[in-house]
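The values are calculated or read from the model by the stated rules, or taken from the named source; none is laboratory data. Remember, it's a predicted structure, so these values are computed and weren't measured experimentally. Here the Cβ is made from the backbone with ideal geometry for all residues, glycine too, and neighbour counts use every protein chain on show.
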Protein chains: 2
Amino acid sequence: MGAKIINEGAKRMSELKLPSRSEDFAEWYNQLVLRAELADYAPVRGCMIVRPYGWALWENIQQALDRRFKATGHLNAAFPLLIPRSFIDKEQSHVAGFSPELAVVTHGGGEELEEPLVIRPTSETIIGHAYAKWIQSYRDLPVLINQWNSVVRWELRTKLFLRTLEFFWQEGHTAHATYEEAEAETRQMLDIYTDFAVRDAAIPVIPGRKSLSERFAGADQTYSIEAIMGDGKALQAGTSHNLGQNFARAFDIRYLDKHGVLQHCWTTSWGLSTRFIGAIIMVHGDDQGLIMPPKLAPHQVVIVPIYKTDAEQAQVLEKARKLRSELAASNLRVILDEREGTSPGFKFNDWEMRGVPLRVEIGPKDIAKNTVVLARRDKPGKEGKSFVSQEGLAGTVSRALEEIQQALYDRALAFRDANTGEPLDYEGLKAAVEAGFALAFWCGQPECEQKIKEDTKATVRCIPLGQPEASGACIYCGQPSREKAIFAKAY
Amino acid sequence: MGAKIINEGAKRMSELKLPSRSEDFAEWYNQLVLRAELADYAPVRGCMIVRPYGWALWENIQQALDRRFKATGHLNAAFPLLIPRSFIDKEQSHVAGFSPELAVVTHGGGEELEEPLVIRPTSETIIGHAYAKWIQSYRDLPVLINQWNSVVRWELRTKLFLRTLEFFWQEGHTAHATYEEAEAETRQMLDIYTDFAVRDAAIPVIPGRKSLSERFAGADQTYSIEAIMGDGKALQAGTSHNLGQNFARAFDIRYLDKHGVLQHCWTTSWGLSTRFIGAIIMVHGDDQGLIMPPKLAPHQVVIVPIYKTDAEQAQVLEKARKLRSELAASNLRVILDEREGTSPGFKFNDWEMRGVPLRVEIGPKDIAKNTVVLARRDKPGKEGKSFVSQEGLAGTVSRALEEIQQALYDRALAFRDANTGEPLDYEGLKAAVEAGFALAFWCGQPECEQKIKEDTKATVRCIPLGQPEASGACIYCGQPSREKAIFAKAY
């Protein structure tokens, strides 16, 4: 009876193929998130539940970043969720940017509060308040603090991972004695995000400066990393802000310098959120489901046992468990799928949907030959299959994972190259942003940016860093320009 | 000039001794938390900032627990912060327990909400709602999920770490097919908390059942671990609840059993919070400050270099850095205090305040003799000092840390034994709860518990598990009783 129920479930699930990416990218994404059990909708509009499989991915992202933050001298801490409403008003641009998005607590413990509180939309203000108290002398600087938490912004149009009322992230907040140090910190954190995206998530990103209209509310300069998704749209995957002395003035964060003179600090903030999970899905996923980059995959390898008789089952499971132990002992994240009442084919589909990068199949014939089948998630069908010896399987698996990691990156980079145009005129830009990124000279004037947005829905994603010295004509107005910008439609 | 400022700071700090524990335990605690930079007050009444040193301790606590949770098959996830107000009302005891403590969001995105939302005071309701959706068959059970987050309860009297409006914790939530499995899970998690407290935090705890009046709002049975603090009061350091079918009925969490019959699940929840940091402080701290149990200490060893001349400084720092690398290479959490402009004496006091379990002192004479001084934080003065060879220092330090870990536990246990009375009559109980714990027969009637509370301010902390079969007279009413309870005043 039990087996019957499961088989019905299995049938139901394998019959329901995802819509293809080319057919309906948005629906492909939504269904994949739900069916891979990464996240689910919450009872409150626009909120999400991150399910265990999605959270395991986030934990791996957290570790990969946290290691880098700590290696560069940052410490974690925790600041409160509740912020006095008046704090938000203290920094002029900040209040303009965040006021429309606030969730407001008006009652506590059964009584109306004297001053309403807001749930943090970000923590510059409350951390600024604390830094003003903690920082006295130049000897106290720099202060390098990060926190992992969730924030709430009252978004109207929401989508799992990409834009939700509550989302999970880290927010770094630092204070420095000079502009130069703050700028160096801002750029260092952008470099860290870039390194993480490239090496761990296998996502090629373009680090660059934001245009004025896309800057963080209260920043002097915002940098971001931008990635191209499978549908050609851009996704801002991490941001780093040089806040100048804006928050230091608003919150009176001052220090006594070496000459005994009181100076305002220079502050920064930088963040990367669960939105990054959306990027992983939309960069690497295919019509069968998700493909996890091996370095971040909750399960790097799944072992699927294949048997028909009870005798075969006993023999195969014994060997499969032994292999699992060997792989785990080599620090590989391995899972053995011992579920009964489901076919190997169902299991293959299930783990393909969830994006496990490598599958090990083992049946009676493999045992007789002392081999297993390796199947790469990134290469469907025969091309991705190989028969390998059980001897030294951990080494073979490790090498295969490295190859997959590299192949995912190479494929994503080739996709970006193929979908980045360098238009020479405005008609060319219009065509380019229909397919993907357009890299073109821009004069830097908000008016041109605005006109392009009205015509094409594309915005300046960033002005890439490290551009060669050059000059050309603004793609819109023709005025002399020194830098190119990436234009694209964006999530 | 810089050195001068710091020296003034140093002087100010070393002059400000903590109040002694015996003189004013509450004030000793408050000042220690602030001066060891574990936490600070937030601008919103009753909220706290956990500073980097306090958060590093919490991260070590998290790792020690998370490892145990995962080893027993639990997965982490993240459920939303915002819960519809109506959810709280669905379980009768739950609404009665939590309604007075809710923080209510009435406005979002500039508009009044149709239904007010509450910030989770705990997540049984919203998780119950999700489980009802996810669980269909007995094959989906058990569901074993934990989350690390913060919750908000509108407390009136607050104290850093011990009781704050927002606090940090983990909350596990599981669903099972039978009462027996739910009860086994509830007890397993209590065992895990006990094991963690004893082995990692060096805190002896008494695991037991809560009395009816102290049960979690919505639980059929609540278990807790109870520890004695330095002032003789009890602190509930972790709880595990068997929720029976209460939430399963309220949220319709049902599964189809093997016979095709729909059944309500049996659920549990269990949590341990940043309150535990308060326990570590109040169990191990002394008049000089905090004493961190080595297994959880953010810094297990601090190296303090001692020198007068520039030449000595160069020589000593070179050796100190080498020793730091050796200790770090042996996975010891070591910090080298290279601060200039502060005396070794100031550094000693500073790290004693912060409770680093072991100090390594190294100066020119030590270098000449190829030795260092080891100073144990738990044994002040000469008794805790020894001269040891620089050869094999990592091994020597590891052994010393193990000894300190054991010594802290032994001392805490001896203190508890010395402050636990076994009164034979009511007058004896009154005296015992003035000093600490009283272990006495109790008939189980809430009336007796209430009377004792009115007379003495002591409550039933728990009914210890694993009591030998016995019978006696209730310490209050004299009725026949089969079990003893721990009575104490509590945080």
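Quick notes on this one:
- When A:ILE126, A:ILE119, A:ILE145 are checked against the criterion of being buried (at least 21 other Cβ atoms within 10 Å of the Cβ), in contact with a His (Cβ under 6 Å, 6 or more places away or on another chain) and within 9 Å of chain B (Cβ to nearest Cβ), A:ILE145 stands alone in meeting it.
- Test for A:ALA103: is it closer than 30 Å to B:ARG339 by Cα, among the small types (Gly, Ala, Ser) and touching a residue at least 40 places away in the same chain (Cβ under 8 Å): no
- Residues of the range A:418-433 that are more than 18 Å from A:GLY472 (Cα to Cα) and in a strand (DSSP E or B): A:THR420 alone.
- All conditions in (1) more than 30 Å from A:GLU338 (Cα to Cα); (2) touching a residue at least 24 places away in the same chain (Cβ under 8 Å) hold for A:ILE291, with the sole exception of (1).
- Answer residue from the range A:92-112, given it is more than 9 Å from chain B (Cβ to nearest Cβ) and of a type in the set (A, V, I, L, M) and is farthest from B:ILE49 (Cα to Cα) among those: A:ALA96
- Residue within the range A:22-42 that is within 9 Å of chain B (Cβ to nearest Cβ), surrounded by 21 or more Cβ atoms within 10 Å (Cβ to Cβ), modelled with pLDDT of 95 or more and in contact with a Phe, Trp or Tyr (Cβ under 6 Å, 6 or more places away or on another chain) present: no
- Selected residue (criterion: farthest from B:PHE69 (Cα to Cα)) from residues of the range B:148-177 that are assigned to a loop (DSSP other than H, G, I, E, B), more than 10 Å from chain A (Cβ to nearest Cβ) and touching a residue at least 40 places away in the same chain (Cβ under 8 Å): B:THR158
- Among the residues of this structure, A:LEU439 counts as one that is closer than 23 Å to A:MET229 by Cα and among the aliphatic types (A, V, I, L, M).
- The range A:305-359 - residue that is under 24 Å from B:SER137 (Cβ atoms) and hydroxyl-bearing (Ser, Thr, Tyr) and, of those, nearest to the other protein chains (Cβ to nearest Cβ): A:THR342
- Only one of the listed residues (A:PRO52, A:PRO19) is within 28 Å of A:ILE281 (Cα to Cα) and more than 22 Å from the chain's Cα centre (by Cα). That residue is A:PRO19.
- Any hit, the range B:388-395, residues being hydrophobic (A, V, I, L, M, F, W, C) and touching a residue at least 40 places away in the same chain (Cβ under 8 Å): yes
- Residue check for A:LEU65: of a type outside the set (Phe, Trp, Tyr) and over 29 Å from A:PHE251 (Cβ atoms): no
- Hits in the range B:60-91 (condition: touching a residue at least 60 places away in the same chain (Cβ under 8 Å) and either more than 22 Å from the chain's Cα centre (by Cα) or facing chain A (nearest Cβ under 7 Å) (or both)): B:GLY73, B:LEU75, B:ASN76, B:ALA77, B:ALA78, B:PHE79, B:LEU81, B:LYS90, B:GLU91
- The listed residue being assigned to a helix (DSSP H, G or I), under 21 Å from B:PRO293 (Cβ atoms), within 29 Å of the chain's Cα centre (by Cα) and not assigned by TED's automatic domain parsing to the domain that holds B:SER330, out of B:ALA414, B:ALA400: B:ALA414
Conditions (1) within 14 Å of chain A (Cβ to nearest Cβ); (2) aliphatic (A, V, I, L, M), marked per residue:
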residue: B:ILE253; (1), (2): no, yes
residue: B:VAL261; (1), (2): yes, yes
residue: B:HIS264; (1), (2): no, no
residue: B:GLY271; (1), (2): no, no
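- Selected residue [in contact with a strand residue (DSSP E or B) (Cβ under 8 Å, 6 or more places away or on another chain) and without any contact (Cβ under 8 Å) to a residue 40 or more places away in the chain] from B:CYS462, B:CYS448: B:CYS448
- Residue pairs meeting the criteria (Cβ under 6 Å; at least 6 apart or on separate chains; first over 18 Å from B:TYR193 (Cβ atoms), in the range B:267-288; second acidic (Asp, Glu) and surrounded by fewer than 24 Cβ atoms within 10 Å (Cβ to Cβ)): B:GLN288/B:GLU352
Okay, residues lined up against (1) farther than 21 Å from A:HIS74 by Cα; (2) under 14 Å from the mean Cα position of the chain (by Cα); (3) among the aliphatic types (A, V, I, L, M); (4) not assigned by TED's automatic domain parsing to the domain that holds A:GLU180:
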position	(1), (2), (3), (4)
A:HIS241	no, no, no, no
A:GLN245	no, no, no, no
A:ARG249	yes, no, no, no
A:ASP252	yes, no, no, no
A:GLY260	yes, no, no, no
A:CYS265	no, no, no, no
A:SER269	no, no, no, no
A:SER273	no, yes, no, no
A:PHE276	yes, yes, no, no
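- Residue count for the range B:148-159, restricted to those that are surrounded by fewer than 18 Cβ atoms within 10 Å (Cβ to Cβ) and aliphatic (A, V, I, L, M): 1
- Restricted to the range A:129-139, and to residues there that are part of a helix (DSSP H, G or I) and more than 10 Å from chain B (Cβ to nearest Cβ), the residue that is farthest from A:ALA77 (Cα to Cα) is A:ALA132.
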